[in-house]
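Novice: Below you will find the structure I want to go over with you.
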Amino acid sequence: MNERLFDAINQQVTDEYAAAYIYRHLANEMDAMSFPGLCEWFAAQASEECEHAQKFAQHLIDRGERVTPHTITIDAPAITGPLDAFKAALAHERKVSEQIRAITRLADEVGDLESRPLLNWFLNEQVEEEATVSEIVDQLELVGADGSGLLRIDARLAGRPTPAP
């Protein structure tokens, strides 16, 4: 495997674990604000990010490489309410999308066809992630500070299953 691509995928493993931490932080914030459904949603998202990290790690292992963790720097966003939390999540998903696109461009540049199925899966996944979070942001903006609207969104998002570890 090309050394630059190896480094980029290794960094993505680290970044996916950092994303899990951020989503866990957002879950804790929603729990502290008495939004159990939003807490569940963010907790499930944190678990999903760990799955994503493992997909990248397994790709390296399957290619005969070792996963070498990088230093994690986490800037947990300050949150004052659900809308802040989901805006932070949307900004984070957009950042991850760009990271995946950069890795994909690098794989193409170095002719690493074996990474394309994994990267194509992640490109599609990021479209879905951004669309989902964007829709929630739109709904939270629509209801504003309306308590009944916030509680309905909270109840709707409570049903999201948490992936098995």
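Novice: Looking only at region 108-165, how many residues end up being open to solvent by 80 Å² or more (accessible area, probe 1.4 Å) and of a type in the set (Asp, Glu)?
Specialist: 7
Novice: What is the one condition in (1) in contact (Cβ under 8 Å) with a residue 24 or more places away in the chain; (2) part of a loop (DSSP other than H, G, I, E, B) that Arg66 does not satisfy?
Specialist: Unmet for Arg66, out of (1) in contact (Cβ under 8 Å) with a residue 24 or more places away in the chain; (2) part of a loop (DSSP other than H, G, I, E, B): (1).
Novice: Applying the selection to region 55-79, what residues are among the aliphatic types (A, V, I, L, M), more than 20 Å from Phe122 (Cβ to Cβ) and open to solvent by 80 Å² or more (accessible area, probe 1.4 Å)? Break it down into steps so the answer makes sense when it comes.
Specialist: So in region 55-79, the residues among the aliphatic types (A, V, I, L, M) come out as 57, 60-61, 67, 72, 74, 76, 78-79.
Next, only the ones that are more than 20 Å from Phe122 (Cβ to Cβ) stay: 74, 76, 78-79.
Listed by number, the list holds a single entry, Ala78.
Novice: Within region 1-52, take every residue that is more than 13 Å from the chain's Cα centre (by Cα) and charged (D, E, K, R) and give me the one that is surrounded by the fewest Cβ atoms within 10 Å (Cβ to Cβ).
Specialist: Looking at the filtered set, the residue picked out is Glu3.
Novice: Still on this structure, please answer the following. Leu83: farther than 22 Å from Glu125 by Cα and surrounded by 16 or more Cβ atoms within 10 Å (Cβ to Cβ), yes or no?
Specialist: Values: farther than 22 Å from Glu125 by Cα: yes; surrounded by 16 or more Cβ atoms within 10 Å (Cβ to Cβ): yes.
When the stated conditions are applied, Leu83 passes them.
Novice: Which residue pairs have Cβ atoms closer than 8 Å, lie 6 or more positions apart in sequence or on different chains, and pair a first residue in region 81-101 that is assigned to a helix (DSSP H, G or I) with a second residue that is open to solvent by less than 60 Å² (accessible area, probe 1.4 Å) and small (Gly, Ala, Ser)?
Specialist: Leu90/Ser134; His92/Ala19; Val96/Ala19
Novice: Residue check: is Leu5 in contact with a helix residue (DSSP H, G or I) (Cβ under 6 Å, 6 or more places away or on another chain) and closer than 19 Å to Arg116 by Cβ?
Specialist: Working: in contact with a helix residue (DSSP H, G or I) (Cβ under 6 Å, 6 or more places away or on another chain): yes; closer than 19 Å to Arg116 by Cβ: yes.
Yes.
Novice: A follow-up question, please. Scan region 58-80 and give yes if some residue there is within 11 Å of the chain's Cα centre (by Cα), within 18 Å of Val133 (Cβ to Cβ) and not hydroxyl-bearing (Ser, Thr, Tyr), otherwise no.
Specialist: Scanning region 58-80 turns up no residue that is within 11 Å of the chain's Cα centre (by Cα), within 18 Å of Val133 (Cβ to Cβ) and not hydroxyl-bearing (Ser, Thr, Tyr).
Each row is one residue, and each column tells you yes or no for (1) among the hydroxyl-bearing types (Ser, Thr, Tyr); (2) in a loop (DSSP other than H, G, I, E, B).
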position: Met1; (1), (2): no, yes
position: Arg4; (1), (2): no, no
position: Gln11; (1), (2): no, no
position: Asp15; (1), (2): no, no
position: Tyr21; (1), (2): yes, no
position: Ala27; (1), (2): no, no
position: Asp31; (1), (2): no, no
position: Phe42; (1), (2): no, no
position: Ala46; (1), (2): no, no
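Novice: From the set of residues in region 86-103 that are touching a helix residue (DSSP H, G or I) at 6+ places or on another chain (Cβ under 9 Å) and among the hydrophobic types (A, V, I, L, M, F, W, C), which is most open to solvent (accessible area, probe 1.4 Å)?
Specialist: The qualifying residue most open to solvent (accessible area, probe 1.4 Å) is Ala102.
Novice: Out of Ser134, Ser148, I need the residue that is among the polar types (S, T, N, Q), within 23 Å of Ser34 (Cα to Cα) and in contact (Cβ under 8 Å) with a residue 24 or more places away in the chain. Which one?
Specialist: Values: Ser148 fails: in contact (Cβ under 8 Å) with a residue 24 or more places away in the chain.
Criteria check complete, one pass: Ser134.
The values are calculated or read from the model by the stated rules, or taken from the named source; none is laboratory data. Treat the numbers as computed from the prediction; the structure is a model and nothing was measured. When we count neighbours, we look across all protein chains shown, and the Cβ atoms used for this are built from the backbone with ideal geometry, even at glycine. Heads up: the accessible areas ignore ligands, DNA and RNA and are worked out on the full protein's heavy atoms, side chains in. Shrake-Rupley method; radii C 1.70, N 1.55, O 1.52, S 1.80 Å.
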